[in-house]
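Participant: Would you mind keeping the following structure in view while I ask a few things?
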Amino acid sequence: MQIYKIFRAAEWQAIKADGLTDGAPVDLADGFIHFSTSEQAAETAARHFAGQSDLCLVAVEAEGLDGLRWEPSRGGAIFPHLYRALKLTDVAWSAPLPLVDGTHVFPEAMG
């Protein structure tokens, strides 16, 4: 199963340059990197990235990912949280997350 993280383009470029990240400001504040499942990603984009373009969607294979915990979050739903740095080598794939008519368009690769 893949889990997903939305990054601003500059954040994604920094990860590619550095090879890892402790996450975006919200992740640093909370002490873990927030991820979403494929079912949760669209709502995450709408709530936390509304109207923002120049985003990148990053997919990570959850199985065997050390430091991953599934915990209650928004509305009691269980979300994947990573309690360590995200390494570039953890990333299965990435894709642009364009904003079209105010809605983020997710890649078909999400299934």
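Participant: Applying the selection to segment 1-30, what residues are more than 11 Å from the chain's Cα centre (by Cα), hydrophobic (A, V, I, L, M, F, W, C) and not in a strand (DSSP E or B)? First the steps, then the outcome.
Facilitator: If we filter segment 1-30 for residues that are more than 11 Å from the chain's Cα centre (by Cα), which is where we start, we get 1, 9-11, 13-22, 25-26, 28-30.
Filter once more, keeping what is hydrophobic (A, V, I, L, M, F, W, C): 1, 9-10, 14-15, 17, 20, 26, 28-29.
Once the filter is applied, which keeps residues that are more than 11 Å from the chain's Cα centre (by Cα), hydrophobic (A, V, I, L, M, F, W, C) and not in a strand (DSSP E or B), segment 1-30 yields Met1, Ala9, Ala10, Ala14, Ile15, Ala17, Val26, Leu28, Ala29.
Participant: I need every pair where a residue in segment 73-97 that is closer than 20 Å to Ala42 by Cβ has its Cβ under 6 Å from the Cβ of a residue that is acidic (Asp, Glu), sequence separation at least 6 or different chains.
Facilitator: His81/Glu71; Ala92/Glu61
Participant: Quick check on my filter: what residues within segment 63-94 are surrounded by 15 or more Cβ atoms within 10 Å (Cβ to Cβ), over 17 Å from Asp22 (Cα atoms) and either modelled with pLDDT of 95 or more or hydrophobic (A, V, I, L, M, F, W, C) (or both)?
Facilitator: Residues satisfying the conditions are Phe79, Ser94.
Participant: In this structure, does Phe49 turn out to be closer than 18 Å to Pro98 by Cα, aromatic (Phe, Trp, Tyr) and surrounded by 12 or more Cβ atoms within 10 Å (Cβ to Cβ)?
Facilitator: Working: closer than 18 Å to Pro98 by Cα: yes; aromatic (Phe, Trp, Tyr): yes; surrounded by 12 or more Cβ atoms within 10 Å (Cβ to Cβ): yes.
In short, yes.
Participant: Looking at (1) out of contact with any Ser or Thr (no Cβ under 8 Å at 6 or more places or on another chain); (2) at pLDDT 95 or above, which one does Ala24 not meet, given that it meets all the others?
Facilitator: Single failed check for Ala24: (2).
Participant: Could you please give the count of residues in segment 31-46 that are surrounded by 13 or more Cβ atoms within 10 Å (Cβ to Cβ) and either over 10 Å from the mean Cα position of the chain (by Cα) or closer than 16 Å to Val91 by Cα (or both)?
Facilitator: Number satisfying all stated conditions: 11.
Participant: Inside segment 61-83, can you point out the residues that are under 14 Å from the mean Cα position of the chain (by Cα) and within 20 Å of Pro25 (Cα to Cα)? Explain how you work it out, then say what you get.
Facilitator: First, pick out the residues of segment 61-83 that are under 14 Å from the mean Cα position of the chain (by Cα): 61-62, 68, 79-83.
Once the filter is applied, which keeps residues that are under 14 Å from the mean Cα position of the chain (by Cα) and within 20 Å of Pro25 (Cα to Cα), segment 61-83 yields Leu68, Phe79, Pro80, His81, Leu82, Tyr83.
Participant: Moving on. Considering each residue of segment 71-89, count those that are among the β-branched types (Val, Ile, Thr) and either touching a Ser or Thr at 6+ places or on another chain (Cβ under 8 Å) or assigned to a strand (DSSP E or B) (or both), and give that number.
Facilitator: Qualifying residue count, segment 71-89: 1.
Participant: Filter segment 95-111 down to the residues that are modelled with pLDDT under 95 and under 14 Å from the mean Cα position of the chain (by Cα) and list them by number.
Facilitator: Within segment 95-111, Pro107, Met110 meet the criteria.
Participant: Can you go through Ala50, Ala59 and tell me which one is part of a loop (DSSP other than H, G, I, E, B) and at pLDDT 95 or above? Talk me through it step by step, then tell me what you get.
Facilitator: Working: Ala59 fails: part of a loop (DSSP other than H, G, I, E, B).
Going through Ala50, Ala59 in turn, just one is part of a loop (DSSP other than H, G, I, E, B) and at pLDDT 95 or above: Ala50.
The values are calculated or read from the model by the stated rules, or taken from the named source; none is laboratory data. Note that this is a predicted model, so its numbers are computed, not measured. A quick note on method: Cβ atoms are made from the backbone with ideal geometry, for glycine too, and the neighbour counts reach across all protein chains shown.
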